[in-house]
Amino acid sequence: RADDVTSGLKPAEPVPVGKSLQKGDRTQIEYDKLMQWKALPSYSEPAWVTDLVTAGKLPPIKDRLPPVPLVVDTASVEGTGVYGGVLRHVSGARPQGWNWMAGNVMAWGGVEEIVDQCLVRVGPIWMLKGEKSEPLPQLAKSWEWSADGHALTMHLIEGAKWSDGQPFSADDVMFMWDDNISDPKVPAWGRPDAFGVGTTLEKVDDNTVRWHFKDAFPAATLYQMGYQKLCPGPAHILKPLHPKYNKDATYDSYINALKPEKTPWVSMGPWTVTDYKPDQIMVMRRNPYFYEVDEKGNQLPYLDEIQYKLSTWEDRTIQTVAGSADYANMEDPSIYLESLKQAQKPDFPNKIIWGARALDWKIDLNLSDVCGVNSDRDKAMRELNRNVDFRRIMTQVVDREALGQSLVRGPFITPYAGGMHQETDFGKPEMVVYYPYDIEGAKAALAKMGFKDTDGDGIVNWPAGGPLAGKNLDINLLYTTLYTTDQNIAQSLVTMFREAGVNLVLQPNSAEVLPVVQSCGWDWWLHRDDKTFQAPVLNLEQLAPVAWGAPYRHLGTSTTPQNLLPFEKDLLAIVAKVRTEPDPAKRSELFREYNKISTENIYSIGLIEVPGAIIVNKRFNNVPPGTPILSYAWGEEGSMRERFWVPTDLQGQVPELAPKTLPGIN
Ligand code: BQZ
Ligand code: CA
């Protein structure tokens, strides 16, 4: 079409590829060696814990562990550890409470990855080699498909206990599914349809649950059954607080029932929160009921204590680099160069492990015309966002090279077209449709769409005819102020879009941004996307509108489904194929096909792709070489902290804040 508004724009071109910063070995281990369920002849624990047993404060270890515990490998790293020691984390977020099934944030930074235990475990998949690179067991011990592939039976860990000594069972899992995930009034992390439309879950007996799927053999669904969608909380505490079981409760009282002050909190994880001082610190102590042991029968974790200083994300890197904290994801490009300078010093206390370009920043355009549309303006804005010509023009307004260099000079950042990452095991440049920077073309095309600056103030005005006729094109840009990078990018974008006559009105948010996103109270959302595109199989519901509660860029409501854009139908068809495709190589092919369509249609305005590193104090053994900052999970979980240990002579460097105590036991 000669009069196509975008015909004058620079056409797609090959996406720039960056040089990899990864180097060195990468841990590799077979699936069945990394962890296996096995009873061992005997079990051990720290001597001070045995003293508590002797004093009658705690049952003996054999009664605390399940009869068949999960035996975790240490041979692929530095080996059997010693007990004791502290890991000092820093978080830039704050805990809202402990009701994670109801969407409470527990401060991120690896807190949730300790407290939440899920049906399967995905974080360590990155280190699996060979044929079997699949979800690992966690609260589900094993699973098998029915002959017709429509049912998946999961055997739960038997005889395991919560950190307060109460039994874990299928009732915990059913409470999660029936009364949280399936209850639209509870803001759970996943919805039933995220696991395939029509999926149901049934209790078979105290240790067994069974999935029923509409599709036969939806193998990829298993990847979705880990963090953070299928992680049961303690039903024995939460059920009595839920409005379905308690006449005096409301949804609000249920969601907020477990204030962060309520410690010790009850978990199935290796440590649990025992102390919380607002804006200062959270302390976690070892969970004496944790169900993992090493090959010699030593109950894990090796470290007795985890500390979370409550500060800022930037401070996490600064403190770790300086040695006053122990772990950081180096994810803030504006301090990369300073950190690397410090790393040159001979007494630098850390290892730095670079990973792939796994971090990206993008703008999502709110594509929903059913959620949060409260005014004529909302309606017009959503229609505009849904117009592919408009998205195409907007994406070519962004000078990605300049944006990257403004954050950090050098070879770190590459332009990003949106969608999946090239530096993955399936990524290839061919899967990307990349529209380059073309400000002049963009301005001309916008004018062709009827957006002209009729009043000469530098901002284009909405065309005649619509409800916003004559008004300036003002677009709200939602973003978080918790990260320096997001703030810096937001500022740069204002300048870049101004150049095209588009007025970005900053909508900064210093609290959790997700509730705003989920209520659809935004036009554009600038963010780092860390859940979806490095291992897309984990979050299929974020790839296309499978269900009303996702993807965030195009939400429905519990009563009104999304109005699909034409290309979203193709995306949905691909996602459906992925779900039932057992062969990882074929799934990769489908992801590439998906990515081509989604970038061609500018499903998001991609900005930059950035490599990150994990920085971890040299005191720790068993940090797996090559641990990625973000792969199937963030580095905190990918590195398997329950195996970390500190040699005895180095333990004194960082004293424990609550020595010789256990959750609820002094
Ligand atoms: C890593 C991570 C561990 C969430 C959060 C935070 C939230 C998102 C994301 C990251 C933080 C750290 O990321 O930045 O380095 O420690 O916690 O959970 O960005 O706002 O909603 O997905 O994980
Ligand atoms: Ca104007």
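Angle between the Cα long axis of helix 376-385 and the longest principal axis of the chain, 0 to 90 degrees, nearest 10?
90 degrees
Counting other Cβ atoms within 10 Å of each Cβ, which GluC sites (Glu not before Pro) in the stretch 258-366 have at most 12 and sit in a DSSP loop?
GLU261
Roughly speaking, what is the centre-to-centre gap between the stretch 354-409 and the stretch 127-157 when only Cα atoms are used, to the nearest Å?
38 Å
Please calculate how many Å² of accessible area the chain carries per residue, with a 1.4 Å probe and no DNA, RNA or ligand atoms counted. Let's see the in-between values first.
Details: 24250 Å² over 666 residues.
Ligands and nucleic acids excluded, the result is 36 Å² per residue.
Using only Cα atoms, tell me the angle between helix 313-322 and the longest principal axis of the chain; keep it within 0 to 90° and round to the nearest 10.
Roughly 60 degrees between the two axes.
If you count only protein heavy atoms and use a 1.4 Å probe, how large is the accessible surface of LYS296, to the nearest 10 Å²?
Only protein atoms counted, so the area is about 130 Å².
Can you pull out the GluC sites (Glu not before Pro) in the stretch 88-149 whose DSSP state is coil and whose Cβ has at most 11 other Cβ atoms within 10 Å? Walk me through the intermediate numbers first.
Details: sites: GLU112, GLU113, GLU131, GLU144; in loops: GLU131.
Within the stretch 88-149, the qualifying GluC sites (Glu not before Pro) (loop, at most 11 other Cβ atoms within 10 Å) are GLU131.
Could you check how much of the accessible area of the chain is carbon and sulfur, as a whole percent, using a 1.4 Å probe?
Reported share for carbon and sulfur atoms: 52 percent.
Find, among the trypsin sites (Lys or Arg not before Pro) in the stretch 429-522, those assigned to loop by DSSP (not H, G, I, E, B) with at most 15 other beta-carbon atoms within 10 angstrom.
LYS471
By how many nm would the segment from SER142 to LYS203 lengthen if fully extended, with 0.36 nm per residue of separation less the alpha-carbon distance?
20.4 nm
Could you please state, rounded to a whole Å, how far the C-alpha centre of the stretch 507-578 is from the C-alpha centre of the stretch 1-61?
Using only Cα atoms to place each centre, the spacing works out to 24 Å.
Between the stretch 165-197 and the stretch 283-312, what is the separation of their alpha carbon centroids in Å?
Their Cα centres are 26 Å away from one another.
May I ask you to rank TRP462, TRP265 by accessible area, largest first, using a 1.4 Å probe over the protein chains only?
TRP462, TRP265
Pairing the Cα long axis of helix 584-600 with the longest principal axis of the chain, what angle in degrees results, from 0 to 90 and rounded to the nearest 10?
30 degrees
Can you work out the Karplus-derived ³J(HN,Hα) for every residue in the stretch 196-210? Use 6.51 cos²θ - 1.76 cosθ + 1.60 with θ = phi - 60°, whole Hz, and x for glycine or proline.
x, 4, x, 5, 10, 10, 10, 8, 9, 8, 4, 10, 9, 10, 10
The values are calculated or read from the model by the stated rules, or taken from the named source; none is laboratory data. Since the structure is predicted, the reported quantities are computational estimates derived from the model, not experimental observations. Positions of Cβ are backbone-derived with ideal geometry, glycine not excepted, and every protein chain shown enters the neighbour counts. In case anyone asks, the SASA skips ligands and DNA or RNA and just uses the protein heavy atoms, side chains included. Shrake-Rupley method; radii C 1.70, N 1.55, O 1.52, S 1.80 Å.
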